[in-house]
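Take a look at the structure set out below.
No lab work stands behind these numbers, since they all come straight from the coordinates. Predicted model only: the values in this text are computed from it and were never measured. Here the Cβ positions follow ideal geometry from the backbone for every residue, glycine too, while neighbour counts run over all protein chains shown.
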Amino acid sequence: MKRLSVVIVNFNKNGYLQRVASQVKILAPDAELILSDDHSNDGSFGWAKESGLFDKIFRKENREEYCLCTVRNEGIKLASRKFVVILDADCLPESSYFTSLCSAVDSVDNEKFVIVGFTNHYSEDGRSFLLEDPRKVYLAGNKFCDIAYNDAFGGNVCFPVSLWSEVGGFDEEFNGYWGYEDLEFALRCNKHGAKLLAYDGVLVRHLQHPIRASIEQSVLKGRNHKLMLQKHPNSL
């Protein structure tokens, strides 16, 4: 666990953030815990400062738009360990998450890698309704499987800090709304020789039920789709 810096990315996830940060401290007390906050105004940032759980904190001030890539990058800049884990503030790691992740890291036969975990989606009443498998076909038994870059999910992922630095981090042109920024990052990692792997033991509970995007959000996500194709023709 001492090799890991865990960056929790937060925007107005009060309640969820408390559960996730507390769980990380219980499961991986020796990991470096970093909060990277996108100018939250729901009390979650204030709680984080007072909690004493975080080793380092970044806050994006004067928020003009959703700055997911910037906030991820700034959080990773604070990391002092060899490997970084990115968790969204509403992605709760299961009890075996970090032991499975450390086993996964030790098993990779390539110094450049991106490990993508599984996501178990929960509804507001606490019921699991979808197990999101980046390999699309569930394979039990804590086994690896190569994945394509477009199966990457940026809210539950691990990679060497050196790889993030080598590829130039998350592309901040994708700020504004989530969507395609994680796929674009994984594609560049793959082009730099990184092995992209899924591991079913690296499992989180997605605590916030996805809601229908507003018209504005749909436009921004469509913009990211167009930007992805401009930067990487024939990639989708």
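What does the extension gain come out to for K77 and H225, with contour length at 0.36 nm per residue minus their alpha carbon separation?
50.6 nm
Listed peptides 90-100, 179-189, 73-83, 40-50 appear in the order 179-189, 90-100, 73-83, 40-50 once ranked by packing, highest mean of other Cβ atoms within 10 Å at the front. On the basis of the beta-carbon distance and an R0 of 30 Å, E111 and I26 show a calculated FRET efficiency of 0.50. Can you work out the base-10 log of I(q)/I(0) for region 52-120 at q = 0.18 1/Å, using the Debye formula on its C-alpha atoms alone? Debye curve over Cα of region 52-120, log10 I(q)/I(0) at q = 0.18 Å⁻¹: -0.93.
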